[in-house]
Amino acid sequence: MREFFTREEENNLVHLEVEMDAFAYRSDYPWLFSLFIKFDASDKSSGDLEEFFENREALIIALEHKDRAKYVGMRSVDGWSELYFYANDSKELDAIATTILSSTPYIYENSVVRDTKWDFHHKNLKPTELELCHIESQKIISMLEEEGDDLASIRPVEHYISFELPTQKDRFINTLNIDGYTLKDEISSEEFEHGIALLKKHDVQSTTLYEEVSRLFSAIKKAQGYYEGWSTVLASEVEE
C-alpha cells in the first residue's frame, strides 16, 4: 500500500510516496538502487505528468520482474523525482533503467550502494509517528471532500488520545491546558483501555488540521500518550 505525505528538509518541501509494506522484504534485498529523474512529479500542472507516471510504472514493473527488486518509494524535491528500490543483487539495474529511460526526454542518473539495514529507508522515506498521524488525518479530509463538505465551516471536532496507564490518563486530564480543548469523554475499549476524547470547535481544512494535530501530538507525547486520530460531522449536520 502506498501512502503520500510531505515534509520539510532544510527549507525545502519534499513530497513523498512510500510503499508501506516494503520493509517486510528487508532481509532479501540488501542493495539500494537510487534513480534520479529531472522531472517534478509533485507539479500537478505539468502536462507531461501522465506520461511520467506511465514511464515510472514501467520502471517499477521491469525492476521488480522475477523479484529482482522492490520499489520502496519516491521523493520529489527541487525539480527532481527520486525513485528508490532495494534489490537482491547490484547487477543489471542500471541496464534495465537505461533501456526504459533512453527513449524518454528525461535527464537521469543513478547509483547503487549496499544498505543491508535499510538505513536510507528509515531516515529518508519511512514516515515518522507524527507523519503517520497527518496521513490518516488527510484521509478523513479527503472523505469529507468526497461528500461535498464545506471544509472551512467550523464545527465540533473530537480528538482521541490513549494511554498505557490510568495514572498517565488522570494526570493528563487534571493538567489539561491546551487552548480551546475540553474533555468530552473518557473511553474504555479492548484496544484502548485508558482513552479520552477531547473536543474543540475548528474548521477541517488541511492547514488547520496539520496545526492542530501537530500541537496535540507534542502535548500528548510529553504526557507519554498516543494520538489516535479525530472525527467530526458534516457541516450540513451541525445544529445551529
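Every number here is computed from the coordinates shown, using simple stated rules; none is lab data. As the structure is a computational prediction, the values presented were derived from the model and not from experiment. Note that we place each Cβ from the backbone using ideal geometry, even for glycine, and neighbour counts take in every protein chain shown.
Å³ per residue of the Cα convex hull, for the stretch 129-237? Please report the intermediate quantities before stating the final value.
Values: hull volume 11.0 nm³, N = 109.
Convex hull volume per residue, Cα atoms: 100 Å³.
Please give the residues of the stretch 80-113, grouped as numeric ranges, whose backbone N is less than 18 Å from a label point set 7 Å along the Cα-to-Cβ vector of Ile61. In the stretch 80-113, the label zone of Ile61 (backbone N under 18 Å from the point 7 Å along Cα→Cβ) covers 96-104. Taking the number of Cβ atoms within 10 Å of each Cβ as an exposure proxy, the fewest-first ranking of Met20, Met143, Met1 is Met1, Met143, Met20. Classify the stretch 95-158 from the C-alpha gyration tensor, please: rounded if a/c falls under 1.5, else prolate or oblate depending on whether a/b exceeds b/c. Oblate, because a/c is 1.5 or more while a/b does not exceed b/c.
Can you give the FRET efficiency to the nearest 0.05 for Met1 and Lys38, using r as the Cβ-Cβ distance and R₀ = 25 Å? Intermediate results must be reported in sequence, preceding the final value.
Numbers: r = 28 Å, r/R0 = 1.13.
That pair, Met1 with Lys38, gives E of 0.30.
Please work out whether the chain counts as rounded, prolate or oblate from its C-alpha gyration tensor, where a ≥ b ≥ c are the square roots of the eigenvalues and a/c under 1.5 means rounded, while otherwise a/b larger than b/c means prolate and anything else oblate? Cα axes put the chain in the prolate bin.
With respect to the chain, whose longest principal axis is taken over its alpha-carbon atoms, helix 206-222 is tilted by about 70°.
The slack in the chain from Leu151 to Gln205, taken as 0.36 nm per residue of separation less the alpha-carbon distance, amounts to 18.9 nm. What does the charge add up to near Arg26, with Lys and Arg as +1, Asp and Glu as -1, over the other residues with Cβ less than 12 Å from its Cβ? With Lys, Arg at +1 and Asp, Glu at -1, the net is -1. Across the stretch 1-105, the fraction of Cα-Cα pairs farther apart than 24 Å, rounded to a whole number, is 23%. In this label model, Met20 and Lys222 are separated by 3.0 nm, measuring between points 7 Å along each Cα→Cβ vector.
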